[in-house]
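Report on the structure given below.
Values quoted throughout were computed directly from the atomic coordinates according to the rules given, and no laboratory measurement underlies them. This is a predicted model, so every value here is computed, not measured. Virtual Cβ from ideal backbone geometry, glycine too; neighbours counted across all protein chains shown.
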Amino acid sequence: MARVFITGSSDGLGLMAAQLLIEQGHGVVLHARNEARAGDVNKLVPQAEATVVGDLSSMSQTRSVAEQVNRLGRFDAVIHNAGVGYREPRRDDTEDGLPRVFAVNTLAPYMLTALIEKPHRLVYLSSGMHHGAHLNLSDLTWTKRRWNGAQAYAESKLHDVLLAFAVARRWPEVLSNALEPGWVPTKMGGAGAPDDMDKAHRTQVWLAVSEDPAALVTGEYFYHLRRHAADPAARDEKQQEALLNACQALCGIALP
Ligand SMILES: NC(=O)c1ccc[n+]([C@@H]2O[C@H](COP(=O)([O-])OP(=O)(O)OC[C@H]3O[C@@H](n4cnc5c(N)ncnc54)[C@H](OP(=O)(O)O)[C@@H]3O)[C@@H](O)[C@H]2O)c1
């Protein structure tokens, strides 16, 4: 039995992953953006060990999420699942003056990776949209370009793969992988999304807990329980380091 922490587990794929892990007999700690959403998910998943609370668009609340998780002791796996919209019409500045998509999808998983006590496995939710995205590391936070919500989302999901692969390279003792769940009809995916909802949450669960040798790898990218090619840009170690440095400069936290 493993102990797993899942960000963004009040809805969608994070909630489904939590329910599947509990069905399989694993221990799960949930995460919700505020007390009201924590109350909602506690009713849906009463078997969870605990629910940590914090809005990942805020650096101070993200730090608090990491502190709450560390107080609960070491985890076998952390699933960086929380994410926001792939077609945000506006930059939508956070309290820290960052685009919300970047803050939640890129900076929060970076901060939580750096601050949470190292688990045995790390899983990062990317998207098929990361393929072909340009990194634009000189304008990560969209201060020089005209806002494009789909592009901002695609970039953020490429960042998630860079982060997974950078961690795999820097922390050989941790299995660190990324995946795309398919385009499915969650709140984010929208009602018309065509991929298989029943398969969408299974890869993150499998990477977090399975003893299947195919899941016991690191620095790989997956789709529906199979290895899949990530965009080649994600393998560029210089770009990985540049992303880590940029995140460190923004939040003041170094990846150990
Ligand atoms: N659905 C798809 O088609 C698809 C495709 C490719 C990749 N993905 C990726 O899969 C992951 C899960 O997506 P999903 O489809 O399950 O989305 P979802 O149904 O919208 O759920 C997202 C989860 O993240 C939480 N969240 C969002 N912003 C947050 C914030 N600022 N602070 C704390 N929690 C926050 C949400 O909380 P609330 O419930 O309070 O909103 C919710 O629990 C994302 O990383 C997404 O990029 C999804």
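Cross-link reach is defined here as a Cα-Cα straight distance under 24 Å, omitting same-chain residues fewer than 8 places apart; for LYS187 the lysines meeting it are LYS43, LYS157, LYS199.
DSSP beta bridges confined to the chain are antiparallel in about 10 percent of cases.
Averaging over all projection directions, the Cα-based convex hull of region 17-72 occupies 3.8 nm² in the image plane. Placing +1 on the Cβ of every Lys and Arg and -1 on the Cβ of every Asp and Glu, with nothing else charged, gives the chain a dipole about its Cα centre of roughly 280 debye. Computed extension length for HIS134-TRP171: 10.7 nm, one decimal, from 0.36 nm per residue of separation with the Cα-Cα distance subtracted. Report, for region 119-248, the % of DSSP beta bridges that are antiparallel, rounded to 5. Counting DSSP beta bridges with both partners in region 119-248, the antiparallel share is about 20 percent.
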